[in-house]
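Structure first, commentary second.
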Amino acid sequence: MSSLLKLEKLSFSYGDLRVLWDVDLEVHPGEIVTVVGSNGAGKSTTLRNISRLVKPEAGTLTFDGHDLTRLESHQVVGLGVIQVPEGRRIFPEMTVLENLRMGSYVKATRADRERNVARAFSLFPRLEERQKQLGGTMSGGEQQMLAIARGLMGNPRLLLLDEPSLGLSPLFVKNIFDIIKEINRQGVTILLVEQNVFQSLRIAHRAYVLETGRVVLTGAGEQLLKDDHIKKAYLGM
Amino acid sequence: MIIFVQSLLSGILVGGVYALIGIGLTIIFGVMRVINFAHGDLLMLGMYLTYFFFASMGIDPFLSIVLTAPVMFVLGAFLQKVFINRVLNALPQNQILLTIGLGLVMSNTVMLLFTSDYRILTTSYSSSALHVAGISISTPLLLSFAITVAITAFLYWFLLKTDTGQAIRATAQDRDAAQLMGIDVKRMSVLATGMGTALAATAGALISPTYYIFPQVGSSFTLKAFVVVVLGGMGSIVGATLGGVVVGATESLAAVYISSGLKELVVFVLFLLVLLFRPAGLLGKSRM
Amino acid sequence: MRPALPPMLRAPRGAAVLPLLLFAAALAALGFLPLWMTSPYALHVMVLIFLAVIQGESWNVLGGYTGQYSVGHAAYFGIGAYATMMLLQYHHLAPWWGVWVSVAVAVGLGVVIGSITFRLRGPYFVLASIAVAEIIRLIALNWTDVTNGAEGILLSDIPPLTIGGRLITDFMSKVPFYYVGLALAAMTIAVNWGVQHSKLGYYFQAIREDQDAAHSLGISLTFYKNVALAISAFFTAASGAFYALYVGFVDPSTVLTVDTSVQIVLICIIGGIGTILGPVVGALVLVPLSEALRSNVIADGLFQLGVSENSRTGQFLKENLAHAHVLIYGVLVVVVILFMPEGVLGFVKGLRRRFAGKAALPAKGEA
Amino acid sequence: MAAPILEIDRVYKFFGGLAANADVSFSMEPGTILGLIGPNGAGKTTLFNCITGYYPPSRGEVRFEGRRMNGLQPDKVCKLGMARTWQKVRPLAKMTVLDNVMVGALARTNSLREARRAALEQLHVVRLEHKEDHLAGGLPIGERKKLEVARVLATQPRLLLLDEIMGGLNPAESEEIIQLILELKKTGRTQMVIEHDMKAIMRISDRIVVLNSGEKLAEGLPAEIVNNKDVITAYLGDSLE
């Protein structure tokens, strides 16, 4: 199977603080791939490199035959690589509906706007009730729904999800993971970055474990779930 | 009572133009987090362009806005690309000094070309006034207010309802998130500076029939623009609109009830008080 | 990497002998200069340079070392100028007494303003400093009974300075102003040196580098910012008094405008802020440049080089170059911010390092 | 049992309506190391800020050596003997390494000579004396972290609060910091450490406090914490078997 996204020997530093060391990572069409690791392991940084919010020091990034290192952020979005950033990053002074509209800012996706809004509302009925509310006034969980819905507005071929469960109540966390599975079932390839190791490994086809900027383990999700190394890495047991 | 209503009213009318100046400054600040200290000088350039169109081609100052605004938009876009864009990540002090320097260049170039003489643009209606119920309102002021309202309404529509306008607001609210929506934030910065510049110049055109035109006129408007914007909360367009009206009305009332020489002083004291006690502006935290 | 020297071989800190000798030598040379340089115009230019040095070094304490970018120093300059003039003209208090009153007023006001505005940071502090200076200007403009408003105050004459009945000077020529200016300039340089080599300097710079970190290291931000402002206001006011007496006239539009504040900042920016030498370099660049433009030296030079004096260009140059000095300031600021944000000094240091081929060496800077 | 050096007594901190810390209480004994852990956004740094005077707690009390600290400014807190480092290091970039540490030392003396001596001593403790002439902004991250420790030590704190002092370091550098923390403990200094490296925190801490969404989730010896079900859930997510 050919890969949709491929990172080879990706290295990145903030100033002189090296955050990623030779990261290799692949996502195949239709997969859910998860990257787990503790705080500061470099998970978000990996996604920010893919979205070109930051520029890598070395290594290659390819999406569907395109060399991402030659592109600007907004061009990457144009290819259908859409990131739902950590901390939601909702536009606080815009309504729910306006936030969704921004999700289909890219010209090619504007034609599908109505259909995508309808899809978002069917996935998240809560958003339909709140469509006139300002993004900044919503609860964390609602904002997370909006952030994901906003990401879907751009007809993603690859959805990058950065810590979607962070700061949510346990009940809601389960909800979010169900929705991620559902989105994937509808045909969207997903690269998921998570601290919630159990849940994300459970839904992932494959997983990478990142430790201080290096991939230390990779394999099928279910298989890693049974691995002792995971527990050790997280709790020092 | 009549005096109060009269001065409040003319204050609000002038405040409309202040609002326009403030909105321009706040859009530039909102998108790039750069405080434009050359804002008043851009307004001054707008005044001179208007004067030029009037004196050499006989075009009415209010009509010439359709020429002045696009020309100044291009100038603003140029300033962003060539100068401001390079200091986006510099210390705020350096950003401030850069725009101060640009302002000095503008005002002194104009001085070299046109001397520092005061110029007056007199239209047929410059000194006419409308009388209603014992209150008289200057015609040019009324006209300029009407145009201001129209422009502001258009601006609100543009920023709230169009994709490009929303993209500008999105960039101001969260630059990274905007990029993740596929918004070209560099382009938005150029656009915002162009718009801010065009708005300042439009304000200059609007006041040219009622103010003296001279190269140094900008600095007092720069200061006024800061007051307007800080009152409303940096980066808030609604805030700048309100701030403009508040400053206009305060000035006008202070001129009548305290002394016309001290009207600006009252405004600056108000400014300091807001800076110190409500640093987020009168409306509280709010963005574009 | 530079190998670390063993401790005994390192020069003891605070005893930089060579700069001290150079400073003394320059001072001595400047002291004797008026003996053979008698042209009033040359003396005038020197006085202006001294004035710029005093202004720049004074601002440097607050803006350069402490990182508090005041763009409102016209307030202190103007207060120094106005108070000295009013005391002399209306109350016949000799300037060498009056200046103490005026600096006291400036320092007192500065500390009051500082206590209020120092909690603002970054651009907000800049805006507040401008607003305060504007308020002072508007007061001077409108409090006509005391300040004579927009007309300003014209000095009739300065009383002769006598000590024990012996006449020291009658202030009739530019020479006494030359020496007063030189003394003040030397003093402000010394003050900067003193700041740099004391606890104050360490604390000021810590505040400039990172206010929160400084705060956590036991530094009271408001107190030390106020100390910096007091020193800065003291000498800025003194420079204002010096200027007013030298020119013999003050009005709000020459000593209290935003332009005055900006020019004070420029002296430091162009030379390099936060260094002792920066304001001196800035003054040496700015004053001769603007004088050359003002006195048409440049236009004359162009005519000598073959530009026809009677052509349209020639006429234009002759009429306008004299007014171009502020334009040149503007161009200089833009160029300096874009291409040498550390000022001329930093730029030269960078060049030197590049030629010496050790560009990346993070060695100790001189300031 | 010695009197506690630090007592956190039912501390709350609200931002707007949001509680970043809620009803947090614990205390520290002199000479011990306390590890403060919790997932992202648990309120650890907020608590540091409440303790060191950057924010006043909204409710509750912070007592240091029996003295109520609420409302004291950070400079006062430092002078009283409690000092902190920063999660994101804050070197005084355009000053030299030695000058950075001297700024800390000047909290206890007015003499530059004395401050210089004290600073060199602390640079020796963190093994940075060979870099004293370098600009702080040019140091690599590991050395900047050490500089931060030296600078804080120079203010002669009895209680040291270290915020993610090992973040971004490679294993060798982390090990050096761990050794440093253990050495400081031997000299009798009390330390509170926020850290994400679990192996490290379990090794050095005498006690551990776990925060989760602003509240104290657990407190105890390292061995107890590792086996605490709530803690595992907070870190790895709900296993939902």
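The values are calculated or read from the model by the stated rules, or taken from the named source; none is laboratory data. Computed from a predicted structure; not experimentally measured. For neighbour counting, all protein chains shown are included, and Cβ atoms are generated from backbone atoms with ideal geometry for every residue, glycine included. All accessible areas refer to the heavy atoms of the entire protein, side chains included, with ligands and DNA or RNA removed. Shrake-Rupley method; radii C 1.70, N 1.55, O 1.52, S 1.80 Å.
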Exercise. Give the residues of the stretch D:29-38 that are surrounded by 16 or more Cβ atoms within 10 Å (Cβ to Cβ) and farther than 16 Å from residue D:165 by Cα, sorted by residue number.
Key: D:31, D:32
Practice problem: Kindly check whether there is at least one residue in the stretch C:264-271 that is in the same structural domain as residue C:109 (by TED's automatic domain parsing), crowded, with 23+ Cβ neighbours inside 10 Å, of a type outside the set (A, V, I, L, M, F, W, C) and within 13 Å of the chain's Cα centre (by Cα). | Solution: yes
Practice problem: Output the residues belonging to the stretch D:44-57 that are touching a Leu at 6+ places or on another chain (Cβ under 7 Å) and open to solvent by 10 Å² or more (accessible area, probe 1.4 Å). | Solution: D:44, D:53
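Pick from B:28, B:59, B:100, B:96: which is assigned to a loop (DSSP other than H, G, I, E, B) and among the β-branched types (Val, Ile, Thr)? Can you show your working first?
Values: B:28 fails: assigned to a loop (DSSP other than H, G, I, E, B); B:100 fails: assigned to a loop (DSSP other than H, G, I, E, B); B:96 fails: assigned to a loop (DSSP other than H, G, I, E, B).
B:59 is the lone residue from the list that is assigned to a loop (DSSP other than H, G, I, E, B) and among the β-branched types (Val, Ile, Thr).
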Quiz item: If only one of A:185, A:206, A:202 is more than 14 Å from every other protein chain (Cβ to nearest Cβ), free of Cβ contacts under 8 Å to residues at least 60 places away in the same chain, farther than 20 Å from residue A:48 by Cα and open to solvent by 20 Å² or more (accessible area, probe 1.4 Å), which one is it?
Solution: A:185
Quiz item: Right, residue B:184: open to solvent by 40 Å² or more (accessible area, probe 1.4 Å) and either touching a strand residue (DSSP E or B) at 6+ places or on another chain (Cβ under 8 Å) or within 14 Å of chain A (Cβ to nearest Cβ) (or both) or not?
Solution: yes
Quiz item: Among the residues of the stretch D:65-75, which ones are outside any strand (DSSP E or B) and either open to solvent by less than 30 Å² (accessible area, probe 1.4 Å) or closer than 12 Å to residue D:51 by Cα (or both)?
Solution: D:69, D:70, D:71, D:72, D:73, D:74, D:75
Exercise. Specify the residue that is surrounded by the most Cβ atoms within 10 Å (Cβ to Cβ); the eligible residues are those in the stretch C:134-158 that are out of contact with any helix residue (DSSP H, G or I) (no Cβ under 8 Å at 6 or more places or on another chain) and part of a loop (DSSP other than H, G, I, E, B).
Key: C:148
Self-check item: Yes/no for residue A:126 being of a type in the set (Lys, Arg) and buried (at least 23 other Cβ atoms within 10 Å of the Cβ)
Solution: no
Exercise. Looking only at the stretch A:182-203, count how many residues are within 19 Å of residue D:236 (Cβ to Cβ) and either among the basic types (Lys, Arg) or under 13 Å from the mean Cα position of the chain (by Cα) (or both).
Key: 6
Quiz item: Taking only pairs six or more apart or across chains, which ones have beta-carbon atoms under 6 Å, a first residue in the stretch D:176-196 that is within 11 Å of residue D:162 (Cα to Cα) and at pLDDT below 95, and a second residue that is open to solvent by less than 30 Å² (accessible area, probe 1.4 Å) and of a type in the set (Lys, Arg)?
Solution: D:194/D:44
Quiz item: How many residues are surrounded by 17 or more Cβ atoms within 10 Å (Cβ to Cβ), at the interface with another protein chain (Cβ under 7 Å from one of its Cβ atoms) and aliphatic (A, V, I, L, M) when one looks only at the stretch D:93-112?
Solution: 6
Quiz item: If we only count strands (runs of 3 or more DSSP E) wholly inside the stretch D:187-230, which ones have 1 or more residues that are of a type in the set (Val, Ile, Thr)?
Solution: D:190-194, D:207-212
Quiz item: Of all the residues that make up the stretch B:220-233, how many are crowded, with 23+ Cβ neighbours inside 10 Å and farther than 9 Å from residue B:22 by Cβ?
Solution: 4
Practice problem: Please find, within the stretch A:1-58, the residue that is nearest to the chain's Cα centre (by Cα) out of those that are open to solvent by 60 Å² or more (accessible area, probe 1.4 Å), within 13 Å of another protein chain (Cβ to nearest Cβ) and under 11 Å from residue A:213 (Cα atoms). | Solution: A:40
Quiz item: Taking the condition open to solvent by less than 10 Å² (accessible area, probe 1.4 Å) and β-branched (Val, Ile, Thr), does residue A:106 pass?
Solution: no
Quiz prompt | Residue list for the stretch A:63-88, filter: open to solvent by 20 Å² or more (accessible area, probe 1.4 Å), over 19 Å from residue A:42 (Cα atoms) and either at the interface with chain B (Cβ under 10 Å from one of its Cβ atoms) or in contact with a Ser or Thr (Cβ under 8 Å, 6 or more places away or on another chain) (or both) | solution = A:67, A:72, A:74, A:75, A:78, A:79
Quiz prompt | Single condition residue A:193 does not satisfy, out of (1) out of contact with any strand residue (DSSP E or B) (no Cβ under 7 Å at 6 or more places or on another chain); (2) crowded, with 18+ Cβ neighbours inside 10 Å; (3) in contact (Cβ under 8 Å) with a residue 60 or more places away in the chain | solution = (1)
Exercise. Please indicate, with yes or no, whether at least one residue in the stretch C:179-201 is closer than 27 Å to residue C:325 by Cβ, touching a residue at least 12 places away in the same chain (Cβ under 8 Å), assigned to a loop (DSSP other than H, G, I, E, B) and of a type outside the set (Ser, Thr, Tyr).
Key: no
Quiz item: Which ones in the stretch B:85-127 are among the small types (Gly, Ala, Ser) and over 22 Å from the mean Cα position of the chain (by Cα)?
Solution: B:90, B:116, B:124, B:127
Quiz prompt | Matching residues, the stretch B:246-288, being more than 14 Å from chain C (Cβ to nearest Cβ), of a type in the set (Val, Ile, Thr) and open to solvent by 50 Å² or more (accessible area, probe 1.4 Å) | solution = B:256
Quiz item: Which of the residues belonging to the stretch B:112-152 are closer than 17 Å to residue B:211 by Cβ, open to solvent by less than 40 Å² (accessible area, probe 1.4 Å) and part of a helix (DSSP H, G or I)?
Solution: B:139, B:140, B:141, B:144, B:148
Self-check item: Within the stretch D:77-92, considering residues that are in contact with a strand residue (DSSP E or B) (Cβ under 7 Å, 6 or more places away or on another chain) and either in a loop (DSSP other than H, G, I, E, B) or open to solvent by 20 Å² or more (accessible area, probe 1.4 Å) (or both), the one modelled with the lowest pLDDT
Solution: D:87
Quiz prompt | Filter pass, residue C:234 being part of a helix (DSSP H, G or I), open to solvent by 40 Å² or more (accessible area, probe 1.4 Å) and more than 9 Å from chain D (Cβ to nearest Cβ) | solution = yes
